[in-house]
Protein chains: 2
Amino acid sequence: MRVSMSDVARHANVSMSTVSRVINGLEIVKPETRKRVEEAIEQLRYQPSGLARGLMRGRSELIGLVLPDLHGEFYSEIIRGADAEARELGYGLVISSIHKVGEDAPGPAIQHRGLLDGMALMVSELTDGIRRTLSDMPVPFVLLDNDLPGAPHDSVIIDQRHAVRKLMQHVIGNCGARRVIFLGGAESNVDTRARFGACREALEQSGLPLAPEDVYYLDFDYRTAFNLAARVIPSWAGSGAFVFAANDEMAAGVIAAASQAGVRIPDDLGVVGFDDTRIAQLTHPALTTVRVPMALMGAESVRLLCQRLQQRDAKPARVVLQPEVVVRASCGAANK
Amino acid sequence: MRVSMSDVARHANVSMSTVSRVINGLEIVKPETRKRVEEAIEQLRYQPSGLARGLMRGRSELIGLVLPDLHGEFYSEIIRGADAEARELGYGLVISSIHKVGEDAPGPAIQHRGLLDGMALMVSELTDGIRRTLSDMPVPFVLLDNDLPGAPHDSVIIDQRHAVRKLMQHVIGNCGARRVIFLGGAESNVDTRARFGACREALEQSGLPLAPEDVYYLDFDYRTAFNLAARVIPSWAGSGAFVFAANDEMAAGVIAAASQAGVRIPDDLGVVGFDDTRIAQLTHPALTTVRVPMALMGAESVRLLCQRLQQRDAKPARVVLQPEVVVRASCGAANK
DNA sequence: TGTTGGGCTGAAAGCGGTGTCAATTCGCCG
DNA sequence: CGGCGAATTGACACCGCTTTCAGCCCAACA
């Protein structure tokens, strides 16, 4: 069975208080005593129980990171950033994907909330169930990549609107786009909505209509985009048309379909994506896209959360991260 | 401040024991009482403290997953599999990358061990520091992708040797390879070693020498492999030469360099990789590689660990996962 | 009507630490 | 040599929940 603090105390012939002091580095322990205790700890291979300590202190030093999914580079970058920051700040990171979020589901399957000091969470759709879960959240949390203005929690958001606008300006201004075809994920998806909205706005400002038949809602997937493009790409090619895919995977699918159909990118059709994932550098031609600072988003959300855990009553913070347009060959800007 | 169980008890006019019974679903509570308690819980938005419960029960239902790094599809797949399985089994997953593992470092920076019931860990190099950390581990753990025969813990390993052998047999037998160039990561890296060893063995059995000057230790990176290949690829091309890169990234780098140098793949040079990551489907030609069941590895390690938490004294298990050779165009087998 | 035996419920003892406060021990001053 | 404050250390009350174990109430039985 486990060796506990009282075992160490007995072994070192001191009281538990003293052992506790040694462990926590309080300086009021006589060097000689300290040494005895440390030896006992070493010999007994004593490992303090985080549970007991957490219970006393009223915090576990554990924070949750809940993501819509764990698949893809996108999320792994968030995790990476969050992990680095959490380590820095001395917190442990409990990671979980949202399991099933049905219509009426109570929201994220956060089994272990009773153990967490706070949570960073990202949801792909803001259903009522999720809204309810959020408002009932028993611990502080920060919302990632989701704009819920005026809400009483911290949030880290990506200024997608601005980025898309810059991208569209580039495509129209520098690359001579005269028609834009939009490829989104699910229509209810928050990112799809944000990117679509910004795209339409930007086009309107440029006097370029976004024709309803040029808007496709797919599923963020390479294959699906490929299939669609394989079918209808002839109707896109030429005439200064540009595909704006809401993520790089779909853009890559379009490029592949184009190559197969003999449609030249960017000459016959421009293609731009979003995310700047690994795939963007591997398409032929390489993909013009928007680099989203994923790792930074993970890190910032952890930072914000831990900050809040220190200052519970500070007013809600809102960190806005700016993505960056990355120009490569697929939009043809290099040619102009 | 937090609402605790005694608040609920007072509110429902029962004792804490009864509240506890209701929460844990013990059936010996009178329906009427149960209802009162449930209402109190609802009204007070009571959320039991996992810390206290864990302390009493002697387990936190939290397991750690420690990976060498969090970057790349590879690791994110492991996390995904582990997350799914952990959720299934009712455990929370604490994820962390190994931070610095210097020569003398005590090993993984596992701050939060005192909170974990067990750990699944994967290390990229088995230094003495790590060995020591392992043998001192205060909780059960399973080792991923690392062969430490006879050790007293569970492990999940990939039978890389077998997979590489099959790959080599394919390349030699079906594709007519007559010379193999090996591209590894760091020489001390466990995967590099395993893949190199298996490669050399397989070649020896086929009577094909692996020339020392055909062995390169790089860093698993696209760029590095590209640069190397850009320099020396002329000396590789022709004569039935095949590059065996120890991961897909490097293989992709070689293919890109070949394309730039006008070396035709697979006609002038065959290329095969390892891992079957996303990139393998995106190279031109698509990459023949070895599919490693990453998600399964994550899931299996969690399963094994949780099993051990039930049966502490069962004898160490060892799950061997078989990778699979995925033949695509880069080895030229389709031509034969 | 006195027992007996369930079915429910409550009191209390921890789980393994932390932190407060009092007690003990000294070094040193008057 | 007694007194004092600083330096150390110990005793003990909790943190919030689980889990015996005992107690209470009441129907059933004799």
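Over chain B, calculate the relative contact order: mean separation of alpha carbon pairs under 8 Å at least 6 apart, over the residue count, as a percent.
Values: 638 pairs, mean separation 58.8, N = 336.
Result for chain B is 18 percent.
Percent of alpha carbon pairs in the range B:5-48 separated by more than 13 Å?
Every Cα pair in the range B:5-48 considered, those over 13 Å come to 39 percent.
How high is the relative contact order of the range B:262-336, in percent, with contacts defined as C-alpha pairs under 8 Å that are six or more residues apart?
It rounds to 42 percent for the range B:262-336.
At 7 angstrom along the Cα-to-beta-carbon line, where would the label on A:Glu201 sit relative to the other copies? Give the distances in nm, shortest first.
So the distances to the same position in the other copies read 6.0 nm.
So if we plug the beta-carbon distance of A:Glu27 and A:Asp221 into 1/(1 + (r/R0)^6) with R0 = 45 Å, what FRET efficiency do we get, rounded to 0.05?
Once the sixth-power term is evaluated, E becomes 0.15.
At R0 = 30 Å, how high is the FRET efficiency between B:Ala317 and B:His162 if r is their beta carbon distance? Nearest 0.05 is fine.
On the way: r = 19 Å, r/R0 = 0.64.
Given R0 = 30 Å and the Cβ-Cβ separation, E is 0.95.
At A:Ala314, with labels set 7 Å past Cα in the Cβ direction, how many nm apart are the copies from this one, shortest first?
Sorted ascending, the copy-to-copy spacings read 4.7 nm.
How many percent of DSSP beta bridges within the protein assembly as shown run antiparallel, rounded to 5?
Around 10 percent antiparallel, to the nearest 5.
So, in Å, what gap is there between the alpha-carbon centers of the range A:222-281 and the range B:179-232?
Distance between centres, Cα-based: 36 Å.
Ignoring everything except DSSP H segments at least 4 long, calculate the 222 nm mean residue ellipticity for the protein assembly as shown; use -39,500 (n - 2.57) per segment, divide by total residues, nearest 500.
-12500 deg cm²/dmol
Please list the non-local residues whose amide H lies under 5 Å from the amide H of B:Ala286, H modeled 1.01 Å from N, same-chain partners needing a gap of 5 or more.
B:Ala329, B:Ser330
With the contact rule set at Cα under 8 Å and sequence spacing of 6 or more, what percent relative contact order holds for the range A:129-282?
20 percent.
Once the Cα atoms of helix B:190-205 and of chain B are each reduced to a long axis, what angle between those two axes, in degrees from 0 to 90 to the nearest 10, is obtained?
Relative to chain B, helix B:190-205 is tipped by roughly 40 degrees.
If you count, for every residue in A:66-73, the Cβ atoms of partner chains within 10 Å of its Cβ, what is the mean?
4
Label chain B by shape, choosing from rounded, prolate and oblate, from the square roots a ≥ b ≥ c of the eigenvalues of the Cα gyration tensor; if a/c is under 1.5 it is rounded, and otherwise prolate applies when a/b is larger than b/c, oblate when it is not.
prolate
So which trypsin sites (Lys or Arg not before Pro) in the range B:205-267 are both in a DSSP loop and have at most 15 other Cβ atoms within 10 Å of their Cβ?
Sparse-neighbourhood loop trypsin sites (Lys or Arg not before Pro): B:Arg264.
What does the copy distance list look like for A:Asn24, label position 7 Å along Cα→Cβ, in nm and ordered from shortest?
2.9
Which loop-located GluC sites (Glu not before Pro) does the range A:128-221 contain, where loop means any DSSP state but H, G, I, E or B and the Cβ has at most 12 other Cβ atoms within 10 Å?
Details: sites: A:Glu187, A:Glu201, A:Glu204, A:Glu213; in loops: A:Glu187.
Within the range A:128-221, the qualifying GluC sites (Glu not before Pro) (loop, at most 12 other Cβ atoms within 10 Å) are A:Glu187.
Compute the separation of the alpha-carbon centres of the range A:19-70 and the range B:291-316 and state it in Å as a whole number.
After rounding, the separation between the Cα centres reads 28 Å.
So which residue of A has the beta-carbon closest to the axis that swings A onto B, and how many whole Å away?
A:Ser76, 2
Could you identify which residue out of B:Pro48, B:Pro316, B:Pro140 has the top mean-square fluctuation in a GNM of chain B using Cα springs shorter than 10 Å?
B:Pro48
Using only the Cα atoms of the protein assembly as shown, build the gyration tensor, take square roots of its eigenvalues as a ≥ b ≥ c, and label the shape rounded, prolate or oblate: rounded if a/c is under 1.5, else prolate if a/b is larger than b/c, else oblate.
oblate
Report, as an integer, the average count of C-beta atoms from other chains found within 10 Å of each Cβ along B:114-125.
The shielding value for this peptide is 2.
Calculate one ³J(HN,Hα) per residue across the range A:133-148 by plugging θ = phi - 60° into the Karplus curve 6.51 cos²θ - 1.76 cosθ + 1.60, and present them in order as whole Hz with x for glycine and proline.
Karplus-based 3J(HN,Hα) across the range A:133-148 equals 4, 5, 6, 9, 4, x, 10, x, 8, 10, 9, 9, 6, 9, 8, 10 Hz.
Using only the alpha-carbon atoms, how far is helix A:248-261 inclined from the longest principal axis of chain A? Give it as 0 to 90 degrees, nearest 10.
Taking Cα atoms only, the helix is inclined about 30 degrees.
Quick check: the angle from helix B:222-236's long axis to the longest principal axis of chain B, C-alpha only, nearest 10 degrees?
20
Laboratory data are not the source of any read-out in this text; all were calculated from the coordinates shown. Since this is a predicted model, take the numbers as computed values, not measurements. Cβ atoms come from the backbone with ideal geometry, glycine included; neighbour counts cover every protein chain shown.
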